[in-house]
Amino acid sequence: MNALLHSEWAKALTLGLLGLLSTVAAHRTVAVYHDGLRTSVPELWLGEKTRSELGRYAYTISIGYILAYALPFPLASGVMLISVICLGADVIGIRMNSVLASAMVGFAFAVAVTAATDLFIHGVRQLPTPPGDLSLLWRPVLYGFPFLAALAAGYQHGTRWGVMATAGTAAVWAAFRVVLGHVGHTADPTLTAGLWALAVVGAVLLVIAFREVAESPPGTEFFEDKIRRIRRKGLILVPLAAVISLAASQGWLAGAPLQVAGIATDHRDAALAVALVSLVGFFPTQGMTGLVSGVWNQDGYPDWLLGAGYATANPAIAACGGAVLMMVELLSLTWVGKVMTRRPGVVSLGLATRDSMDTLAAVGFLAGGVIAAFATAGAAGAGAIVVAHTVNENHGRRITPTALPVVAYLGVAVVAGLARRAGWR
Amino acid sequence: MGKDRIAELARLVDPAEVSAETRSDYEAALAVKDGRADYYIGACQTGAGAALGVANAILGSAQVVRLSGAGSVPDATAVKAAVASGKRGFGLARPHIEEVVPVLVRALLDKPVNSG
């Protein structure tokens with residue numbers, strides 16, 4: 001049983017099930033993953049747009065994100081990003097007229113994309129010069145995690161706050177490192193201490209954010225019928241949440257590139273920390289787009305369902321945890337509406353957190369790409385990453401700065417392997 | 001995402017003519033709907049999600065437009081055409097903020113007052 005669960009088949013079938021359920025949820029307009037598509041779904045109910053038109057819009061706003069942002073990370077790590085599957089499910093579910101057909105296509109799509117990425121990784125590993133120490137690609141961003149809250153403080157409150165939060169993070173990090181050095185038994189006490197520092201500084205920022213109260217907040221009556229609609233769809237949303245947490249518990253699924261870095265280096269605690277930081281970052285957008293549309297997200301509040309999976313390797317416990325968290329979401333929608341409208345500090349902290357995650361990922365993966373390419377192909381490899389980054393910057397950033405180093409590194413690894421096969425040294 | 005930088009770039013286009021404020025998506029979209037603000041600009045990775053999702057719900061899809069997204073290169077002509085068509089909510093990819101916002105705000109300033 002254990003061997004079966006850890007097989008490639010189990011991975012493909014579980015992610016296939018995620019694709020199937022996500023597609024059904026999108027088809028029945030219970031949940032869509034894309035924040036922009038979510039608020040367009042009511043146009044389908046009102047007859048203002050056809051499935052064909054909305055499906056085309058879903059494809060237009062998703063395909064670039066999948067190819068130029070998300071897909072490089074599964075190709076480099078073997079850890080699927082949930083956006084790849086759920087954005088594809090959005091397009092399929094919204095576009096197709098039959099729920100049964102859309103479910104089958106959604107399942108086939110998720111299995112195919114999972115198999116294709118695993119096949120790519122297998123192929124790269126067969127090259128005469130394998131990718132070398134892939135963890136080098138992820139390590140700079142991993143050790144930057146602890147400063148996420150400090151970066152967010154800078155974005156939200158300005159440079160002075162950012163400097164103070166950075167100094168606070170460094171001090172708490174050092175203190176925890178000393179303590180763990182005496183009593184801890186973790187594999188990587190330096191990173192673990194940093195994550196504790198992130199938790200402390202992040203908690204302080206959250207308390208400060210909650211203390212800010214809007215003077216004349218807009219009413220929440222607009223949300224009430226939408227909240228009732230979302231709650232009625234729990235029978236689809238709860239099993240979906242269970243599958244997401246289960247897949248995360250096995251290291252098959254992640255929510256963002258920063259989480260991939262944690263999973264790919266066996267630092268599940270770091271992935272969990274980022275998932276909780278993501279919750280702060282994405283909660284305002286996901287919550288508000290859900291409440292104004294009456295359509296929820298397959299992934300709930302990104303990414304605490306995945307965080308439940310990172311917290312345990314036991315698939316049954318993870319699945320139960322995911323289901324419970326989705327029920328908590330459904331029961332707390334009214335409270336969330338009040339937070340969104342009456343606590344502006346929480347919303348602005350969320351925006352600052354997203355900005356800090358994006359900045360850290362772009363810089364951290366660039367550093368990781370250079371280091372990993374140097375280890376694989378020497379100075380020429382490192383130079384290739386720098387050139388690729390510069391060309392992308394000067395030509396409109398067609399590939400997102402976060403994904404570019406990973407794409408370029410994969411290119412270096414493949415070319416180095418083929419060159420070795422051709423007899424070059 | 002990048003709200004402060006968007007506001008900063010917008011003001012730089014013409015400090016005397018442009019007043020730009022950062023608000024939550026919900027507050028900003030309501031402000032445009034109620035006539036307390038003229039335009040809404042948002043950014044995210046796809047140019048349509050966090051950038052436009054709430055504005056789309058409040059203002060309606062006919063009033064908003066995605067100007068750029070991941071995997072594409074911004075097109076100044078398309079930006080000007082979107083402004084000319086009377087859109088009031090604009091979404092763009094975060095990596096394209098520096099390139100798109102000045103063109104967009106200049107086009108909004110150059111737009112004839114009575115052109116919708």
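Read-outs throughout are calculated quantities, based only on the coordinates presented, and are distinct from any laboratory measurement. Bear in mind that the values here come from a model prediction, so they are computed numbers and not experimental data. Backbone-built Cβ (ideal geometry, glycine too); neighbour counts: all protein chains shown.
Summary table
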quantity	calculated
Distance between segment A:8-36 and segment A:306-337 - C-alpha centres, whole angstrom	17
Segment A:166-297 - percent relative contact order, Cα under 8 Å, separation 6 or more	24
Alpha carbon convex hull of segment A:340-425, projected area averaged over orientations, nm²	7.0
Relative contact order of segment A:270-425, pairs being alpha-carbon contacts under 8 Å that are 6 or more residues apart, as %	20
Computed FRET value (nearest 0.05) for A:THR60 with A:SER135, which takes r as the C-beta separation and R₀ as 51 Å	0.90
Shape call, the protein assembly as shown: gyration tensor on alpha carbons, a/c limit 1.5	rounded
Charged-residue dipole, Cβ positions (Lys, Arg, Asp, Glu), segment A:93-207 about Cα centre, Debye nearest 20	180
Test item: Cα-centred dipole of segment A:36-118, Lys/Arg +1 and Asp/Glu -1 on Cβ, debye	80
Between segment B:1-80 and segment A:190-249, the Cα center-to-center distance that results, in Å	25
Sum of -39500 (n - 2.57) over DSSP H runs of 4+, divided by residues of chain A (222 nm, nearest 500)	-25000 deg cm²/dmol
A:ALA379 versus A:ALA187: modelled label distance in nm, points set 7 Å from Cα along the beta carbon direction	3.5
Label point at A:ARG398 placed 7 Å out along Cα→Cβ; residues across segment A:368-387 whose backbone nitrogen lies under 17 Å	A:387
Residues A:LEU37, A:LEU410 arranged by fewest to most Cβ contacts within 10 Å	A:LEU410, A:LEU37
Within 10 Å of each Cβ in A:281-292, the average number of Cβ atoms from other chains	4
Amide H partners (placed H, <5 Å) of A:ALA31, local residues excluded	A:ALA26, A:TRP296
Gain on full stretching of the segment that runs from A:HIS122 to A:CYS320 - 0.36 nm per residue minus C-alpha separation	68.0 nm
Long-range HN-HN contacts of B:VAL65 with modeled amide H, under 5 Å	B:GLY89, B:PHE90, B:GLY91
Derived scalar couplings ³J(HN,Hα) [segment A:86-101; Karplus, 6.51 cos²θ - 1.76 cosθ + 1.60; whole Hz; x for Gly, Pro]	6, 5, x, 5, 4, 4, 5, x, 6, 6, 7, 7, 9, 5, 5, 5
Average Cα contact separation per residue, chain A, under 8 Å, 6 or more apart, as relative contact order %	23
Cα centroid separation, segment A:370-425 to segment A:105-129 (Å)	21
Estimated vicinal HN-Hα couplings, Hz - segment A:292-307 in sequence order (Karplus 6.51, -1.76, 1.60; Gly, Pro = x)	7, 10, x, 10, 9, 10, 3, 8, x, 7, x, 9, 6, 5, 5, x
Rounded to whole Hz, the Karplus (6.51, -1.76, 1.60) HN-Hα couplings of segment A:360-374, x for glycine and proline	4, 5, 4, 6, x, 6, 5, 4, x, x, 5, 5, 5, 5, 5
Net charge over other residues, Cβ less than 14 angstrom from the Cβ of B:ALA76 (K, R count +1; D, E count -1)	-2
Listed residues B:LEU92, B:LEU104, B:LEU30, most fluctuating in chain B (Gaussian network, C-alpha, under 10 Å)	B:LEU30
Local electrostatic count, A:ASN394, Cβ distance below 13 Å [Lys/Arg +1, Asp/Glu -1]	-1
Fluctuation leader among B:ILE58, B:ILE41, B:ILE97 - chain B, Gaussian network, Cα springs under 10 angstrom	B:ILE58
Lysine pairs with alpha-carbon atoms under 17 Å apart, the protein assembly as shown, spacing 8 or more or separate chains	4
Residue order, fewest to most surrounding Cβ atoms within 10 angstrom, among A:VAL328, A:VAL280	A:VAL328, A:VAL280
Efficiency of FRET from Cβ geometry, A:TRP45 and A:THR220, R₀ 25 Å, rounded to 0.05	0.70
Per-residue Cβ neighbour rank within 10 angstrom, fewest leading, A:TYR310, A:TYR69	A:TYR69, A:TYR310
Point-charge dipole on Cβ atoms (K/R +1, D/E -1) for the protein assembly as shown, about Cα centre, debye to 20	540
